Structure formats: C-alpha cells, structure tokens
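Please read the structure below before turning to the comments.
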Amino acid sequence: MLNVPVGQHGLANGLRVNISVDRTIPIVAVNLWYAVGSKNERKGRTGFAHLFEHMMFQGSANVPKNRHFELVERAGGSLNASTWFDRTNYFETLPSHHLELALWLEADRMGWMLPAMTAEKLENQREVVKNERKERYDNQPYGDWDERIQALVFPPSHPYYHPVIGSMEDIGAADLDDVADFFKTFYVPNNAVLTLCGDLDPDDALRAVERYFGDIPAGDPIPPIPGSMDIPAKMGETREETVEAEVPLPRVYIAMRLQPFTADGIEAAEVVATILGSGRASRLYRSLVREQKIAKDAFAYHFPLQTSASMLLLGATGYPEADPEELKEALLTEVEGLATVEERELERAVAMTETGLLRRVQQVGERADLLSMFDQYFRDPGRLNTEVDRFRAVSRGKVEDFAGEYLGPDNRAILTYLPGGGS
Amino acid sequence: MSAPRGFRRDQVPAPGPVRPFSFPELHAFQTSNGLRVRVARMSRLPLVTIGLILDAGEGLLPVREAGWAALTGSSLEGGTRRRTGPELAEALEGIGARISLSTGWDATSVTLTCMAERLPAAMSLLAEAAMEPAFPEDEVQRLRDQKLATIRQRRMDPRSLANDSSARFIYAEDCPYGRPLGGLPSSVEAFGVEEARSHSRRRYCPNTAGLILVGDLELPEVEAMADEVFGPWQPRSVQGDGFAAPSNLEGGRVAVVDRPGAVQSEIRIGQVGVPRSTSLFFPLKVFNAVLGGAFTSRLMLNLREKQGFTYGVRSGFSFRRQAGPFTISTAVATEVTAPAVQEAMSELTHLLEGGPTEEEASRARDFIAGVFPLRFETTGQVASRLGELFVYDLPEDFFSTYRDRIREVTPETAIDAGRTVLDPSRMVVTVVGDAEKVRGPLEELPFGPVEVATPFY
C-alpha cells in the first residue's frame with residue numbers, strides 16, 4: 001500500500017543521505033537527524049542536548065544570529081527542531097526552488113557553528129530554555145509526569161532516567177566549553193542522517209548535498225553512552241508514587257518497561273496500545289469512559305525509545321470526586337484483560353494504524369522525518385514501506401504472549417496525581 | 001571531495017526557478033434537498049476526507065445555552081437509531097476511520113478520513129450519525145459530565161484560563177464571544193436529551209449544511225453516493241442568524257486573575273477585532289505577521305531573542321462571522337511580567353506609529369505567500385480550506401487569488417489597516433499569575449487601573 005521511493009547515498013565523511021522524490025506539490029522537506037539526545041548527557045549536564053539545540057539557531061560562521069529563521073521564513077518555509085532521548089532533529093519545509101538555501105544553512109551550522117558562539121548567546125538561550133521548562137513542566141498541571149515516570153521505570157544510572165528538558169540547576173551550570181565539546185563530539189557528519197523529500201531532481205539534489213556538506217570533516221567515533229544500560233528486561237515489581245499537586249482532576253499513569261523500539265516483534269506493543277487506548281472502540285474508552293463513567297478520558301501508547309528499553313504508557317483522568325484507587329484498579333483490570341484478544345480488535349488496530357500512517361505520510365515533512373528515523377534506528381529508511389505489513393503479522397497469540405510477558409505486576413510503575421497540592 | 005570552483009559558502013545561495021502550484025480542481029453541486037457539495041480530487045495517496053459542515057456554531061446561542069452546540073455535536077457519538085454508540089465506533093474504527101466532532105463559533109463539523117476503498121461505508125456511517133442521532137440519556141449525561149470536568153481543567157490550566165479570561169474582559173457579558181467556547185458550568189448543567197434533540201432539530205438540516213469530499217475519488221461516483229446517502233435528509237426552514245455585532249466592555253485597563261505561587265504569568269493583550277468579511281483581511285495579515293505572526297516578528301525578536309523573557313510570543317486576529325478578538329499572547333517568568341507587558345505594548349505602539357519597513361513588509365508577504373502551499377498537502381487540510389469557503393461564503397477563487405492579494409499589500413496599506421482596527425489605549429491587559437507579586441509592578445505601568453478579578457467560572 002505504501003510505496004515511498006527512497007534512494008540511499010553516503011558521503012565520504014560519513015553523512016548518510018536519503019532522497020525521496022514527490023513532484024505533486026512544489027515543496028521540499030529537508031530533515032536532519034543527529035544521533036544525540038538526552039541519553040548522551042552525563043550527570044550534572046542534563047538538559048544539555050536540548051539547550052544545545054537552541055544554540056544551533058544562534059548563528060554559524062556565515063549566518064548571523066536569527067538569520068536562519070529569517071531566511072527560511074522569507075523563503076516561505078516553516079522550520080523547527082526538537083530534542084528527544086535518542087536524537088535531535090532539525091527540519092524545514094520550503095518551496096522547492098529554495099532547496100539550496102536549506103542545505104546551505106544546515107551545512108554551515110553542522111560544519112561551522114563554533115566560530116559564531118558567544119557567552120551572551122548562551123546566556124540568552126539559557127533564559128529561554130528555563131522559561132520553556134517553567135511553561136511546560138513547572139506551570140502546567142501534570143507537567144512533570146514524564147520526569148516522575150522515568151525515575152520510576154529506570155534506575156538513576158540509566159541514560160533514560162532524567163528528563164529531556166534537564167534540571168534547572170544543570171541548565172544553569174552549562175558553560176561555553178561544554179558547548180564546544182558537545183559540538184565537536186556529536187555534531188559531525190558521521191553521526192547524522194540527512195533526508196530530502198519532495199519536489200526535487202534526485203541527481204541535482206545529491207550533487208548539491210555533496211557541494212555543501214562534502215567539505216565538512218568527519219569527527220571521531222562517538223563516545224559510548226554514559227551511565228549503565230545494563231538493566232533487566234522487566235522492573236521486577238510494581239512501583240508506586242502518589243503526588244498531591246495543583247491539578248484539577250485525579251489522573252493515573254501506568255508504565256511498563258519493554259524491549260527497545262528496535263527489537264524484533266515490538267509491533268505487538270503498538271497493537272496493544274491501539275487495542276487498549278486508541279479511539280472510542282478501544283477497551284479503555286469503552287470500559288472506563290463509557291460504561292463505568294469513572295474516567296473522562298483515557299490513553300495508551302508505545303513510548304518509542306531506541307536503546308536498551310522502551311515503555312508502554314497508559315492512563316486515565318478521573319472526575320473531580322473520583323477515587324483514584326478505583327481508577328487504578330479499573331486500568332489494571334483492562335491490562336489484565338489483554339490475556340485474551342479478539343480478531344476484530346486486531347483488525348481494527350491494523351486498519352487504524354494503516355489510515356493513521358498514510359495520513360501522516362501525506363506531509364513531506366513527516367515523511368522525511370520517518371525516513372530519517374528508520375535510517376537512524378534500523379539503517380533502513382525503506383522500512384517505512386513495510387511497517388503496516390509488520391502490524392498485520394501480529395497475531396492474537398503474539399499479543400497475548402506479549403501481554404503475559406510484559407504487562408504483569410512484576411513490571412509496573414504507577415503514578416497518581418491527586419488534586420489538593422498548592423491552593 | 002571539494003566543492004567546485006566559484007562556490008561561495010559566505011553567500012546566501014540564489015533560489016532556482018519558481019515551480020508552479022496549482023490547486024486541486026473544485027467541483028460544486030447541490031443535491032435535491034439543498035445540500036451543497038464541494039469535491040476536490042487528490043489522488044497521490046488512497047485516502048479520502050469527508051466533512052459535513054452544519055450551520056450550528058456556538059455564536060448563534062444566548063449565554064444560557066452556551067456550550068449546547070458543542071454538546072449536541074459531541075453527543076452524536078452516543079449512537080443512532082440503528083446502532084448504539086459502541087457499535088457506531090466499532091463500525092467506523094473497524095474500517096480505520098475515526099469520526100471527529102468539533103464545534104466552533106460558526107459551525108459544527110463532522111469529519112473523518114478513511115482509506116479510499118472504504119469511502120462508501122464511511123460516508124454511509126457519517127451520514128447516519130448526523131441524520132439519525134439517538135441521543136441516549138446516559139451518553140448525553142456522560143458527555144455533559146465530561147464537559148464539566150473539562151471546564152474545571154481549563155480553570156486550572158493557566159493558558160486556557162488566560163484565553164477564557166481575556167475574552168471575558170473584552171466582550172460584554174451577554175455577547176457569546178465573552179464566554180468560553182465550551183460553555184459555563186451553569187449552562188452545561190442545564191443540557192440534557194431534550195436540549196440535544198431540540199438543537200439538532202433546529203440546526204441540522206441539508207439546506208444549510210455543506211458536504212466536503214477531498215481525496216482519491218471519482219466525481220460521478222461521489223455525486224451519486226452523496227445523492228443516495230443524504231437524499232432522505234429532510235430540508236427545513238431555519239430561523240435566526242445569531243447576533244449582529246459584538247458589544248464590548250471599556251478597555252484601557254489591566255485585569256489580574258490570581259494564581260498564588262505561579263512561577264509564570266500568562267499575558268493576553270487584546271481588543272475586539274474585525275469579522276472575517278472585513279475588506280482589510282489581507283493588509284491585516286501582513287501587519288500581523290510583522291508584529292507577531294512569525295519568528296522574525298517584532299514581538300519575538302524583542303521579548304524572546306533580545307530580552308529572554310519568554311519561550312514564545314504571538315499576535316493574531318480571530319476572524320469569525322462577527323468580530324472575534326485581536327490578541328497578543330505570551331507566558332513569562334513572574335518577575336518580568338510588568339516589563340514584558342511594557343515591551344509588548346511598546347512594540348505594538350511603535351508599529352502603529354511608524355509602520356513596517358519595506359523590508360519587513362516584503363519578508364512578511366514572502367512568508368505568507370510562500371508557506372501557502374504547505375496548507376494544501378493533506379486531504380484534511382484541503383477539506384478545511386473548502387470548509388472555510390463554505391462557512392464564510394468566500395468566492396470560489398479565494399485560494400487561487402490569495403497569494404496575489406497578499407503580494408498587493410504595501411507598508412502603507414498594512415499600517416492603514418492596523419490603525420483602522422487597533423487602538424492600544426482601548427486594549428485590555430489580562431494577566432494570569434501571582435497577584436501578590438505582579439500587581440504592584442503592573443500598577444506602575446500606564447495601561448489603566450489594575451483590578452484583581454473575581455473568578456467568573
């Protein structure tokens with residue numbers, strides 16, 4: 001069903017390049033993944049990959065501060081970046097006749113970001129990031145849920161223990177030397193995937209990539225991930241935490257430790273998440289929201305981490321006078337109910353996944369990001385085209401085995417938010 | 001490998017030749033019961049989006065019925081005369097389609113996206129949901145309780161609270177735009193099965209509705225399908241068009257909504273704007289882009305990049321059938337609340353005084369015109385665009401002439417439009433934050449008396 005064309009190439013300096021042609025609309029997506037994220041941060045420097053992402057917009061040798069945004073917006077493009085546990089991505093979608101502008105901008109900061117770095121820029125972006133932490137984590141009801149869940153699921157020495165945004169203290173401690181070290185270590189062509197998708201000529205585009213990126217020297221091999229990734233497949237117990245916070249309604253989050261996103265057969269996790277929590281015919285909606293009316297909303301999804309482990313997340317928000325214990329028990333009852341699944345639930349999960357993937361892939365920006373992801377995680381961008389087939393191959397037996405293995409009481413972290421903190 | 005001779009890394013690369021963009025061809029027809037249908041083919045991927053637009057927006061309702069349009073719309077998931085709610089969900093999701101029910105100020109939309117081969121089944125189910133709702137008692141009650149819980153959540157989320165409060169302080173109490181879109185606890189509590197039935201009877205009919213179909217489809221087939229599926233829907237005469245023009249409160253003041261201990265303040269600076277039908281639409285778009293509609297806007301470059309006050313600041317007009325608000329929005333650390341308000345007002349005032357430079361106007365035009373095709377990538381996006389044509393009665397060539405009209409805007413027409421509509425001395429500053437900390441500094445600003453407002457919901 002999905003037949004996204006992709007030509008794979010590589011430069012001598014190690015940069016992997018994917019080119020996917022689509023002449024339907026005169027736009028092109030340029031998407032760059034650096035294989036560095038919060039998992040590469042050492043203690044005392046949490047949040048640094050994200051702070052660094054901000055620094056990448058402060059200019060490079062040939063591009064003054066803010067000029068990157070200015071030029072792309074001027075060209076009629078949209079752009080952004082994001083930091084995650086396993087990668088930092090930079091992306092723009094613009095009218096296709098501006099392709100070289102995007103290549104020039106990305107190459108200039110990949111190769112020559114340091115000459116433009118100043119203490120003032122670091123200070124300014126440090127404040128912006130602190131504001132971001134306040135706005136999304138500290139000032140938002142339930143804002144710190146992921147920080148707490150990660151601390152329950154992973155031991156302190158594990159690279160996924162700390163949140164991507166980092167701590168206020170560590171954000172404050174980063175200095176210019178850290179910036180330079182980080183850049184030289186991780187922002188190198190041999191640690192990156194560049195994907196171009198849209199209205200382009202593949203040969204011209206590849207030549208342009210060589211022209212702009214070819215001179216950037218390869219870096220040293222990437223150092224090992226700090227901390228310890230050697231953890232058991234499951235947590236070995238149920239861990240619970242209850243927080244009284246300034247929240248309007250009680251909410252329960254439940255997380256299970258799973259194999260990593262790159263493991264064989266991990267699609268079962270995605271299928272389980274869909275059966276449990278996607279759509280109004282999902283088990284959580286049907287049982288907790290519609291029938292029992294103890295939750296006003298419910299969710300379940302696979303948290304796709306690349307290395308050593310990933311997570312299944314599920315949960316529900318209760319009504320004002322709800323008993324959180326009741327909410328928790330209801331969630332666990334549904335989890336336990338996954339010991340048996342029906343064929344039509346599998347069909348529904350596959351149908352929804354297929355429609356969802358096709359919807360997403362309509363946008364060149366999303367398509368490019370997916371290709372980059374499959375390249376970084378699997379060294380196979382074309383894997384996108386067989387994704388739905390893998391879901392179709394998940395049988396009832398595989399789902400039930402997965403549930404039996406990973407969703408039991410020996411592998412749960414439960415976080416409950418109770419209204420009542422603050423005033 | 002080295003770059004070819006003549007290659008200059010210190011120069012912005014020149015663009016290539018512009019590539020043409022043509023809009024999906026639009027076909028319009030009407031079924032015998034008056035349902036207006038618009039169809040656009042997009043066959044790159046085997047998907048179709050169906051959107052049924054009902055003339056049932058919140059803007060039509062008096063304050064005691066606030067939220068009823070939204071509640072009636074969401075109650076469609078409760079089931080039909082032929083299927084229960086769970087059965088309806090199973091039937092749709094079993095073929096990979098998820099129905100989305102949404103109500104705004106000007107319409108209620110029932111939409112879904114499905115694989116192209118599932119179109120007949122999906123259309124049939126969507127039509128059934130809209131034409132034959134059952135409104136079962138327990139489902140309606142549940143959705144009402146859900147809405148009450150959501151209102152509670154909004155009250156505690158600083159961002160939503162700021163949006164709702166700002167509207168409340170700009171518009172008069174009896175004006176629909178002064179209340180949250182989803183309603184107030186009192187009006188929501190009064191909603192039940194009878195209200196749902198009555199509202200849908202009044203507003204859900206083919207002769208005031210629009211059907212949008214976008215995607216991998218064949219025109220004669222979908223025409224026949226629409227006729228067959230929606231044919232049985234009875235037309236009705238519909239009364240009432242909502243309010244004529246919004247009434248608003250006195251501006252030139254500052255309202256603080258207290259969140260003791262808040263580490264950040266959510267700031268809104270706003271006033272009544274203009275309706276969607278304004279002749280100033282394009283110059284205002286350009287004016288707004290320069291002020292706060294892009295990253296390289298005056299507000300962003302000042303409050304974020306220069307001062308480090310915030311992670312983001314935006315400005316914008318909410319164009320509705322009547323005049324929705326113009327608002328500047330941002331979130332800043334508590335300690336810099338007053339300086340941030342000062343800087344934002346200062347940027348607005350300066351722009352109204354001096355106008356955009358030729359460079360700024362040019363950049364804004366290029367940005368708006370340039371990003372335009374990005375809003376036509378998906379069947380869902382194109383369906384939304386066609387929905388806008390329908391709801392706001394825009395000319396068929398609105399989108400094909402959009403970029404030309406943006407390019408016609410000059411710094412002069414942009415500033416004229418801004419000056420016609422905006423008046424900083426009439427604006428209301430709303431701050432959701434720690435009143436104890438922010439009140440004093442706000443009182444030192446010249447933007448009017450500062451009042452700590454009592455919660456209104």
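Work out the FRET efficiency for B:Ser279 and A:Arg344 from their Cβ-Cβ distance, taking R0 = 45 Å, and round it to the nearest 0.05.
Efficiency computed from Cβ-Cβ geometry: 0.25.
For the stretch A:209-239 and the stretch B:146-210, write down the distance between their C-alpha centroids in whole Å.
49 Å
Rounded to the nearest Å, what's the spacing between the alpha carbon centres of the stretch A:130-151 and the stretch B:248-310? Just the number, please.
Each part's Cα centre sits 25 Å from the other's.
Just to confirm my numbers, what's the Cα centroid distance between the stretch A:4-32 and the stretch B:363-433 in Å?
That distance is 32 Å.
Looking at the stretch B:122-205, I'd like the Rg to Rh ratio, where Rg is from alpha-carbon atoms and Rh is Kirkwood's inverse mean 1/r.
1.05
Show me A:191-198, A:253-260 ranked by packing, highest mean number of other Cβ atoms within 10 Å first.
The densest-packed peptide leads the list: A:191-198, A:253-260.
Sort out the exposed loop GluC sites (Glu not before Pro) in chain A (DSSP loop, at most 15 other Cβ within 10 Å) and tell me the longest stretch that has none.
A:1-320
Please compute, for peptide A:280-292, the average count of beta-carbon atoms on other protein chains lying within 10 Å of each residue's beta-carbon.
3
Less than 19 Å from a label point 7 Å out along the Cα-to-Cβ axis of A:Met1: which backbone N atoms in the stretch B:23-43 qualify, by residue?
B:42-43
Which FRET efficiency value, to the nearest 0.05, is calculated for A:Arg23 and A:Ala393 with the Förster distance at 22 angstrom and r the Cβ-Cβ distance?
0.10
How many percent of DSSP beta bridges within chain B run antiparallel, rounded to 5?
Roughly 75 percent of the DSSP beta bridges within chain B come out antiparallel.
Radius of gyration and Dmax for the stretch A:164-299's Cα atoms, expressed in Å?
23.2, 63
How big is D for the stretch B:41-170, in µm² s⁻¹ as a whole number, if Stokes-Einstein is applied with the Kirkwood radius of its Cα pairs at 37 °C and 0.692 mPa s?
203 µm²/s
Give the shape of the protein assembly as shown as rounded, prolate or oblate, defined through the alpha-carbon gyration tensor: a ≥ b ≥ c are the square roots of its eigenvalues, a/c under 1.5 means rounded, and otherwise the shape is prolate if a/b is larger than b/c and oblate if not.
It is rounded, given that a/c, with a ≥ b ≥ c, falls under 1.5.
Per DSSP H run of n ≥ 4, the term is -39500 (n - 2.57); total these for chain A, divide by its residue number, and report the mean residue ellipticity at 222 nm rounded to 500 deg cm²/dmol.
-11500 deg cm²/dmol
Choose one of B:Gly96, B:Ala129, B:Leu54: the residue whose Cα lies farthest towards the positive end of the charge dipole of chain B (beta-carbon charges +1 Lys, Arg; -1 Asp, Glu; about the Cα centre).
B:Gly96
Other chains near B:8-17: what is the mean number of their Cβ atoms within 10 Å of each residue's Cβ?
Counting Cβ atoms of other protein chains within 10 Å of each residue's Cβ and averaging gives 6.
Bins of 20 Å, beginning at zero and ending with the bin holding the largest distance: percent of Cα pairs per bin for chain B, please.
The percentages, shortest bin first, are 22, 50, 26, 2.
Take the Cβ-Cβ distance between A:Asp401 and B:Ala244 as r, set R0 to 60 Å, and report the resulting FRET efficiency rounded to the nearest 0.05.
Efficiency at R0 = 60 Å is approximately 0.40.
Work out how much length A:Gln8 to A:Glu240 would gain on full extension: take 0.36 nm times their residue separation and subtract the Cα-Cα distance, in nm to one decimal.
Answer, rounded to one decimal: 78.9 nm.
Could I get the Rg over Rh figure for chain A? Both from C-alpha atoms, Rh via Kirkwood, rounded to two places.
With Rg and the Kirkwood Rh in hand, the quotient comes to 0.98.
What is the mean number of Cβ atoms from other protein chains located within 10 Å of the Cβ atom of each residue in peptide A:138-147, rounded to a whole number?
Taking the mean over all residues of the peptide, I get 3.
Just so you know, all these numbers are worked out from the coordinates, no wet-lab data involved. Just so we're clear, the structure is a prediction, and the values are computed from it rather than from any experiment. Using ideal geometry, Cβ is built from the backbone for each residue, glycine included, and neighbour counts are taken over all protein chains shown.
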